[in-house]
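Below is one structure, written out as C-alpha cells, with a few remarks after it.
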Amino acid sequence: TLARYFQKELGMSFSEWSARLRFIHGLALLEKDYSVEESAFRLGYRSTSSFITLFLKMTGMTPDRYRQIHLRSA
C-alpha cells in the first residue's frame, strides 16, 4: 500500500511527509512576505493556530519569530 511504500522508501508516514511538505511550502510563503494568516489559508489550514502549531513543532519558534530571525536580517 501507499502507507508501506512511504515508510519503506522515506522512513516516515504519509502524514509526516505531508506535514513536512506543508511546512516547506509555508517557509516559501513567509519568504515571499505573506502574512502568517495568509500562509495558513494558502496551505489549507482552517485556522492560523494549526499552522503555528506545526511551525513550532518543526522549528521550535513561531512563524513571526522565524521571520524576525531569518528573514529580516537578510
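The values are calculated or read from the model by the stated rules, or taken from the named source; none is laboratory data. Predicted model only: the values in this text are computed from it and were never measured. Counting neighbours? That spans all protein chains shown, and the Cβs are built from the backbone with ideal geometry, glycine included. When the accessible area is computed, the model is the full protein with side chains, heavy atoms only, and any ligands, DNA or RNA have been set aside. Shrake-Rupley method; radii C 1.70, N 1.55, O 1.52, S 1.80 Å.
Please list, ordered by first then second residue, the pairs with beta carbon atoms under 9 Å, 6 or more apart or interchain, first in the range 49-74 and under 17 Å from Leu21 (Cβ atoms) and of a type in the set (Gly, Ala, Ser), second in a helix (DSSP H, G or I) and open to solvent by less than 50 Å² (accessible area, probe 1.4 Å).
Ser50/Ala40
Suppose we keep only residues that are in a helix (DSSP H, G or I) and of a type in the set (A, V, I, L, M) within the range 55-65. Which one would you say is farthest from the chain's Cα centre (by Cα)?
Selected residue: Leu56.
Looking at the range 1-54 only, could you name the residues that are in a helix (DSSP H, G or I), of a type in the set (S, T, N, Q) and surrounded by fewer than 15 Cβ atoms within 10 Å (Cβ to Cβ)?
Of everything in the range 1-54, those that are in a helix (DSSP H, G or I), of a type in the set (S, T, N, Q) and surrounded by fewer than 15 Cβ atoms within 10 Å (Cβ to Cβ) turn out to be Ser15, Ser18, Ser49, Ser50, Thr53.
Just checking, which of Lys57, Lys32 is at pLDDT below 95, of a type in the set (Lys, Arg) and under 30 Å from Leu2 (Cα atoms)?
Lys57
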